[in-house]
Each structure stands twice: as structure tokens, then as C-alpha cells.
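A.B. asks: I'd like to ask some things about the structure below.
The values are calculated or read from the model by the stated rules, or taken from the named source; none is laboratory data. What you see is a predicted model, and the numbers here were worked out from it, not measured in a lab. Glycine also receives a Cβ, built like all others from the backbone with ideal geometry; neighbour counts cover every protein chain displayed. The accessibility values were calculated without ligands, DNA or RNA, using every heavy atom of the protein model including side chains. Shrake-Rupley method; radii C 1.70, N 1.55, O 1.52, S 1.80 Å.
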Amino acid sequence: MIESRKAEMEEGGSSGKDDLLGILLESNISEKGRGLTTYEVAQECQLFYLAGSETTSSLLVWTLILLSKHSIWQERARNEVLQEFGKDGHPNFDGLNRLKILPMIINEVLRLYPPGYMLMRKVYTNVQLKELLIPAGTEIIIPLCVVHRDSSLWGEDSKDFNPKRFAESVSEATKGQPIYFPFSMGPRICVGKNFALLEAKLALTMILQRFSFELSPTYTHAPYAIMIIKPQHGANLVLSKLYTSSSDQISSETTSSLLAWTMILLAKHPIWQDFARTEVLLEFGKDGQPNFDGLNRLKTVTMILNEVLRLYPPVYMLMRKVNRDVQLKELLIPAGTEIIIPLCVLHQDSTLWGEDSKDFNPQRFANGVSNATKGQPIYFPFSMGPRICIGKNFTLLEAKLALTMILQRFSFQLSLTYTHAPYAIMITKPQRGANLVLSKLSS
């Protein structure tokens, strides 16, 4: 490819300014035989590719791993990024250059895990270093990982992750000694150093704006080097999205909570699971696609969902503030009073729901919610009145669809490891999970 491109350029068929290969060959032609050989041109192209992509990706990977291990530095970096750009702002060149904590972190990562783990140099003339004579032709290897972690040079914490050592500058951290060169140094310093650092800062800034991250339990720390230092078994991280809107969070959490409790209760009460499955199969069959009209015709599934919402409403309490004085018979509620309505207590009150108020009995909703409540305001898993949840109908439809598809394909029962422990932090959830055993239904 190099020879054919060179021949084409020599014949005036193409310009050499379109890409790296063309620039190298054009320079070669102008040197009239004193330039790079074909082999050297190929080596330069490989080096640019390696230096331009592999080194940056290695730096990003190790930075994410170390920030996962040291969450306090992850928080410091994120706070700095959010102060500079906000959670939705687009990073820009000037802003990236104003970041102080992130460059400290990147410099420390490069100290511990430099992309190139060693430098190789060849001596072309005899060199005298004090009492040591290095003959011409000697190849010298500088093991960066050893130099960068030498406690006699970096102190007792030389093997620890401590970005604070770069708080002032690199020259201050090294005390002016030539002991830190992740991009080499002198006339042979990497020409892409500044671009690589800017690229890494940009990528990390955008990640920190959007995600928090921690090490996966499957992560194994095993650095290894084949040209570039990489984690041998991969960088297994768990990313969590930041700043999910409250409406999105409530929508997904309420539906997942409703489904979890429905499956737990149907696993505890298999007769109702069978009733629901029979209804689903009569409506859609084993392989039919559930549709809007069919889901609205399901009566038993609706009764079950209403009963689950009574016993385990996704939101366990409602809070309201009284904006003006309100008189309820002999009780005066002054303006500014905050009222808490504990749904779980109200929904299981035996004076309102009967002696079986704490039992799972979907039959109570056989003739609708208004009949089950006798017209009293005692059931509002989605609140009520003008403040009723606008996503109520969508949530119920979503839950019916998911439950229908599960009932078509599986039977399920409680695992022996299941422990019944409802708890509430905004949403009512099973504290130790919904441990179920699913069995695929016969074809």
C-alpha cells in the first residue's frame, strides 16, 4: 500500500496532505532519498495509531478503576466538574483547562499505570555517566513502573493512589528530578501528550456529569503489559445514572414495586395465580400478543392488582400541607400544618376493610373499587382528587401487560431463601429481594 501510494504521488496523481501516510511520504520525496525507508514509514504509522488510541483508552480505564476504588476522589472530581459545567453543560477548552482536581487525578494515574510501561533508547556514541561508561550501541530500558513507584523518590506512600502529591504541579511533585515521564521527556517527548490529556479530561468530564461508578464484585485486579498496561480480566464496573428525573424514577419504581409484590403474593397464593393464568390464556392463548382491548377485559388480574396495591401501595404515605385554616367538624387544622396519611395503616384498618383486612383477598374488588370501599375515601394507592397520579392508568396497563406475559410462559413459587420483610424508603420494597423460582410452562 505504501509503495503504490508513493508511486502515485511521484507521478503527480495525488496530494500527500490528506492523511498521515501522505504527509510522511511527501516529506520523504522532498528529502530525495535521505528520508524514511518504507519500513520506517510503516512503523511511524503504527506508532501514531497506537499512541493516539490505545494510550488514551488505557488511561481512561485505569482512571475509572481507581476512582471506583477511591470514591472520595470520584466525588471531588465530580463536584469540580459540576461547578464548572453543570450537569447538562457542554465541556469546552477553557473550562477543561480550569479544572485542577481532574488533572491531579490523571497525573497520579499516569504515575501508577503509565500506558507504556517502559522506555527503550539506543546509545549511538560512548556516554560517560560519572564512573559508568555506556558504550555506543547499548540499548537502555527504563522501567517506568519501577521508577514511578520508587519509595526513595516518591516517599513511603509511593505505591498508594494519592493525587494530592500533584496539587501544586508535576515539577513540585518530582522536586525537579527526572523521575516522572509517562510520555517520555526531552526532544523525544510524545508529540500527542497535550492532545491525549485533553481527550482524557473531556471523556472523564462527560462521564462524571452523567454517572457514578463502582467496581463490580467480579472485578479482579490484574495489571499486565503487552506494549500497553491493561487490566488482564477487564475493567468490570457498575455504572449508575445520575439525576434521573423524579417523574421517571417514580414511574419505573412504582411499576417494579407493584410487579414484585404481585408475584410474591401470587407465589404465596397459587390458587389465585391459577385463576389469573386461566383468564390470561382464555383471552390471549399461550403465544398470543396481549393487546389494549384484551388487557382491559381482564377482570381477575385487575382484582389481584388492586388488592396488591391495597396491601403494598408503592408509596407508603402521602404528605399534604394545609395552605389555609380548615375546619373538620370539631377539629381545626391551622394553615401551614403538614399532614401525613399512612396508606399502609389506612388500607389495612379492620374497621374499614373488615376482619380479613390484613389478608390477601382479591375477591373484595370483584365489583370494582367503589363497591369495595363502600364509597369511602379509604383507598388511594395513587393519591386521589386533583393531585391523583397522572401516570396511574399507564402504570396499571404496564403492570397488566408484564404480568400477562409472565403468566403465559411461567409458573412461579417462593424460593426457600425468601424472607418476608417489607421496608419503605420512598417506595415499599421487599428488603431482602423477591426470591422466586420460575418454571417454564410446557409448550
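A.B. asks: By a straight-distance test (C-alpha under 22 Å), which lysines pair with residue 374 as possible cross-link partners, with residues fewer than eight away in the same chain excluded?
C.D. replies: Straight-distance partners of residue 374: 299, 329, 358, 392.
A.B. asks: For the peptides 222-228, 329-335, what is the packing order when you average, over each peptide's residues, the other Cβ atoms within 10 Å and list the highest mean first?
C.D. replies: Top to bottom by mean Cβ count within 10 Å: 222-228, 329-335.
A.B. asks: Here is a further query. Hey, what's the chain come to in accessible area per residue, 1.4 Å probe, Å²?
C.D. replies: 59 Å²
A.B. asks: If you don't mind, there's one more thing I want to ask. Give me the percent of accessible area attributable to carbon and sulfur for segment 364-443, probe 1.4 angstrom.
C.D. replies: Of the solvent-accessible surface of segment 364-443, carbon and sulfur hold 58 percent.
A.B. asks: Given the pairs 100/130; 268/321; 69/429, which are separated by over 31 angstrom at their Cα positions?
C.D. replies: Pairs exceeding the cut-off: 100/130; 268/321.
A.B. asks: Considering only the other residues whose Cβ falls under 12 Å of the Cβ of residue 237, what net charge follows from Lys and Arg at +1 and Asp and Glu at -1?
C.D. replies: Overall, the nearby charge balance is 0.
A.B. asks: Which net charge results for the neighbourhood of residue 142, defined as the other residues with beta-carbon distances under 15 angstrom from its beta-carbon, given Lys and Arg at +1 and Asp and Glu at -1?
C.D. replies: It works out to a net charge of +3.
A.B. asks: Here's a follow-up. Of all the accessible heavy-atom surface of segment 226-333, with the other protein chains kept in place and a 1.4 Å probe, what percent is carbon and sulfur?
C.D. replies: Roughly 56 percent of what the probe reaches on segment 226-333 is carbon or sulfur.
A.B. asks: Still on this model: Roughly speaking, what is the centre-to-centre gap between segment 109-157 and segment 252-302 when only Cα atoms are used, to the nearest Å?
C.D. replies: Taking the Cα centre of segment 252-302 as reference, the centre of segment 109-157 is 69 Å away.
A.B. asks: Additional query: Treating the Cα atoms of segment 118-261 as identical point scatterers in vacuum, please give the log10 of the normalised Debye intensity I(q)/I(0) at q = 0.08, 0.10, 0.11, 0.21 Å⁻¹, two decimals.
C.D. replies: -0.42, -0.60, -0.70, -1.56
A.B. asks: Using all C-alpha to C-alpha distances in the chain, build P(r) with 20 Å bins and read off the rounded percent in each one.
C.D. replies: Reading the bins upward from 0: 18, 32, 27, 18, 5, 0.
A.B. asks: Would you pull out the residues with amide H under 5 Å of residue 436's amide H, same chain only if 5 or more places away, H placed 1.01 Å from N?
C.D. replies: 415
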